[in-house]
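Remarks on the structure that follows.
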Amino acid sequence: MADKPLLPELMKAHGISRRGFLKYCATLTSMMALPPILAPKVAMALEGASRPSVIWLSFQECTGCTEAITRSYAPTIEDLIFNAISLDYHHTLQAASGEAAEAAREAAMEENWGNYLVIVDGSIPLANPGFSTIAGISNLEMLKQTAEGAAAIVAVGSCAAFGGIPHADPNPTGAVSVADIITDKPIINVPGCPPIPVVMTSVLAQFLAFGLDSIEVDDLGRPKAFYSETIHDRCYRRPFYDKGLFAESFDDEGAREGWCLYKLGCKGPTTKSVCATVKWNDGTSFPIQAGHPCLGCTEPDFWDNGGFYKPLSVPAGDYRKLGLAAVAGGAVLGVAGGAIARSVKSSAAAKHEPVTPDDLEKKS
Amino acid sequence: MNNPYFDLLMWARGPGFDIALTIMVGGILLRLVEIFVLGRKKDLAAPKGNGVLQGLRTVFTRSVPRKGAMKEAPVTYIAGYLFHIGFFVAFLFLGAHIALIGDLIGIQWPAANKALIEIATAIAVVALIALLWTRFKDPVRRALSTFDDYLVWVLSILPLVTGYAAVNTMFGDSTLMMAIHMLSAEALMIAFPFTKLMHAVTFAVSRYYNGSIQGRKGAES
């Protein structure tokens, strides 16, 4: 990789000043929840970083994650990251197609064996390998092949991280996540449907700047810097929740006033992400700000978690039918219990033998 | 990959709630129907007063402590009131609970401020601790206490503590705490018909019964 251009040269080529670069590093440092003192270190690390090879595999997905990452905000700060890596294989972005594309992947793997980074979006079907293939190679086979020589894998989007929408009940393709298949490589999950573009690029930047070990992950393999607080705890509508002011429908007074969306099914209280602080499209907005409850897309099985428009506190089961059965069953059992008690009472009365004082004296 | 906390929450919101609600509703009906089927012996004596009116009146008048009771057992009375008020404020005025009740029976009302709910919860918890303390301290009460009393105490305090923790992201993951809160409430629901918690329904029946007997005899109760 020594012959590949270093970042400063690339920066010049893209017309980015040193000042702009340092500002970017400071932003990135705060994004990664690192202390400001580390900003120069980020700059140094990025400056010294050569372009590691990155292979982006797209399996059962909707290209939403790629669409999101290409919309990361101007002035081409994420473009910088894109150019700081050597993206050797990516269906949507690469010019090559067919055999040439596969050859590029194989060449990149061979050249950088043991050092390249694999990014995966999309889930992997296990029910039938033919459900999703690329150049005649099944997703499962391609993932195993490519993962073998990888330094690490980043599972981008909820499909790659947790199975996502393809994994939703009844999961016709037998879709699973990357971590369900690859167990011997470090995997960083960056879930979301799609994930916030800046979060995706920040994780990559942290990987480039400080290495894999610097990325602290939670039990679900998500970087703690971006997935440790709930959206609810950072939501700008939280004061309305605390005041007990809720929108009851999408067009009532509360909705117009921007009140809390809990009763409309918001999953903010159980969803860990930085949506409410980092936001989308250059910090413009996020779903709750746009008036829609959070769907909880950074959590596993978000598609099956009881309905998007059902409040979290409302039962998701079959309680209405069971409640009616309970009313009928309880009443029947009550009548039966009462009848038994009555018969016990009357039989006790029938068996009752009057005792006179004489009888008592006889016994003693 | 699964999130075990979320799976637990979904169980608590799904089958867990179904089971709890079925047992609670079925159990309450079983107990009530059993009581009513058992019936009362017909009173053949000529009534000296209005039993029905006196019965209804007693349902409410017995909520006021009788004379001297406050002096005899102040902690029981004060903490008893505070617990009931705190518990019902927290239960009936938190937005999430109103959403649940609305889904169950279709009636909703405005939610209260979180600060008020939290004060009510704290008061209810402190009152429960005070009540347990008097139960331990007084040898007579301690001797009278059964397993049922302690079980109901635990089942009553758990939803309050776990609910407070879930709303304030205390003691770890908020999803897990929300699941534990729901499960604790479901434990309370299941125990409801088969423990002294049933007084929340039968108090009206027994007070009416006592009141109407006295009323029929022309006496006050």
- Query: Nearest-5 percent of antiparallel DSSP beta bridges in the protein assembly as shown?
  - Reply: 30
- Message: Only four residue types carry charge here, +1 at the Cβ of Lys and Arg and -1 at the Cβ of Asp and Glu. Report the dipole size of the stretch A:227-298 about the Cα centre in Debye, rounded to the nearest 20.
- Response: 240
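Got a sec? What order do A:Asp318, A:Asp169 fall in by accessible area at 1.4 Å, biggest, i.e. largest, first?
A:Asp169, A:Asp318
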- Query: Taking a spot 7 Å from the Cα of B:Trp153 along the direction of its beta carbon, which residues of the stretch B:63-85 have an amide N less than 19 Å from it?
  - Reply: B:73-85
- Task: Using the Karplus curve 6.51 cos²θ - 1.76 cosθ + 1.60 with θ = phi - 60°, work out ³J(HN,Hα) for each residue of the stretch B:71-78 in order, rounded to whole Hz, and write x for Gly and Pro.
- Result: 6, 5, 9, x, 5, 4, 6, 5
- Per-residue SASA entry for B:Leu29, accessible area with 1.4 Å probe, Å² rounded to 10: 50
- Using label points projected 7 Å from each Cα along Cα→Cβ, tell me how many nm separate B:Arg141 and B:Met70, to one decimal. 1.8
- Item | Degrees, to the nearest 10: A:18-31 long Cα axis against longest axis of chain A | 20
- Would you tell me the accessible area of A:Asp358, worked out with a 1.4 angstrom probe on the heavy atoms of the protein chains, in Å² to the nearest 10? 100
- Task: Give, ordered by residue number, each residue of the stretch A:281-305 whose 1.4 Å probe accessible area is reduced by a minimum of 20 Å² on adding the remaining protein chains to the chain alone.
- Result: A:Glu299, A:Pro300, A:Asp301, A:Asn305
- Message: Once R0 is set to 56 Å, what does the formula 1/(1 + (r/R0)^6) return for the Cβ-Cβ distance between A:Asp242 and B:Lys41, expressed as a FRET efficiency to the nearest 0.05?
- Response: 0.50
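Working with all protein chains in place, sort B:Glu186, A:Glu253 by solvent-accessible area computed with a 1.4 Å probe, largest first.
Reading off the accessible areas and sorting them downward yields A:Glu253, B:Glu186.
May I ask you to rank A:Cys193, A:Cys25 by accessible area, largest first, using a 1.4 Å probe over the protein chains only?
Largest accessible area first, the residues go A:Cys193, A:Cys25.
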- Query: Once fully extended, how much extra length lies between B:Lys217 and B:Met170, figured as 0.36 nm per residue of separation less the alpha-carbon to alpha-carbon distance?
  - Reply: 11.2 nm
- Note on the structure: Rounded to the nearest 10 Å², the accessible area of A:Glu248 using a 1.4 Å probe with every protein chain kept is 90
- Report the one residue of A:Ala101, A:Ala276, A:Gly337 whose Cα lies farthest in the direction of the positive end of the charge dipole of chain A (charges on C-beta: Lys and Arg +1, Asp and Glu -1; origin at the Cα centre). A:Gly337
- proj_area_mean for chain A (convex hull on C-alpha atoms), units nm², value 32.4
- Structure-based [θ]222 nm, chain B - -39500 (n - 2.57) summed over DSSP H runs of at least 4, per residue, nearest 500: -24000 deg cm²/dmol
- Item | For the stretch B:4-216, the spread of Cα positions along each principal axis, largest first, Å | 66, 38, 36
- Query: Within a Cβ distance under 14 Å of A:Gly157, other residues only, what is the Lys/Arg minus Asp/Glu net charge?
  - Reply: -3
- Task: Round to a whole angstrom and tell me the spacing of the C-alpha centers of the stretch B:165-214 and the stretch A:223-250.
- Result: 28
- Message: For chain A, what does the helix formula give at 222 nm: sum of -39500 (n - 2.57) over DSSP H segments with n ≥ 4, over the residue count, nearest 500 deg cm²/dmol?
- Response: -12500 deg cm²/dmol
- Message: In whole percent, and with a 1.4 Å probe on the protein chains, what portion of the accessible area of chain B is carbon and sulfur?
- Response: 72
- If the chain between A:Asn281 and A:Lys224 were fully stretched, how many nm would it gain, using 0.36 nm times the residue separation less the Cα-Cα distance? 18.3 nm
- Query: Other chains' Cβ within 10 Å of B:170-176 residues: what's the mean?
  - Reply: 3
- Taking both sides together, what accessible area is buried at the B/A interface, probe 1.4 Å, expressed in Å² and rounded to the nearest 100? 3900
- Which angle between 0 and 90 degrees, to the nearest 10, do you get for helix B:17-38 versus the longest principal axis of chain B when only C-alpha atoms count? 10
- Task: Mind pulling the angle between the C-alpha long axis of helix B:199-216 and the longest principal axis of chain B? Nearest 10 degrees, somewhere in 0 to 90.
- Result: 10
- Query: In whole percent, how big is the carbon plus sulfur part of the accessible area of the stretch A:231-304, probe 1.4 Å, protein atoms only?
  - Reply: 54
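The values are calculated or read from the model by the stated rules, or taken from the named source; none is laboratory data. Since the model is a prediction, treat every value here as computed from it, not as a measurement. Counting neighbours? That spans all protein chains shown, and the Cβs are built from the backbone with ideal geometry, glycine included. The accessibility values were calculated without ligands, DNA or RNA, using every heavy atom of the protein model including side chains. Shrake-Rupley method; radii C 1.70, N 1.55, O 1.52, S 1.80 Å.
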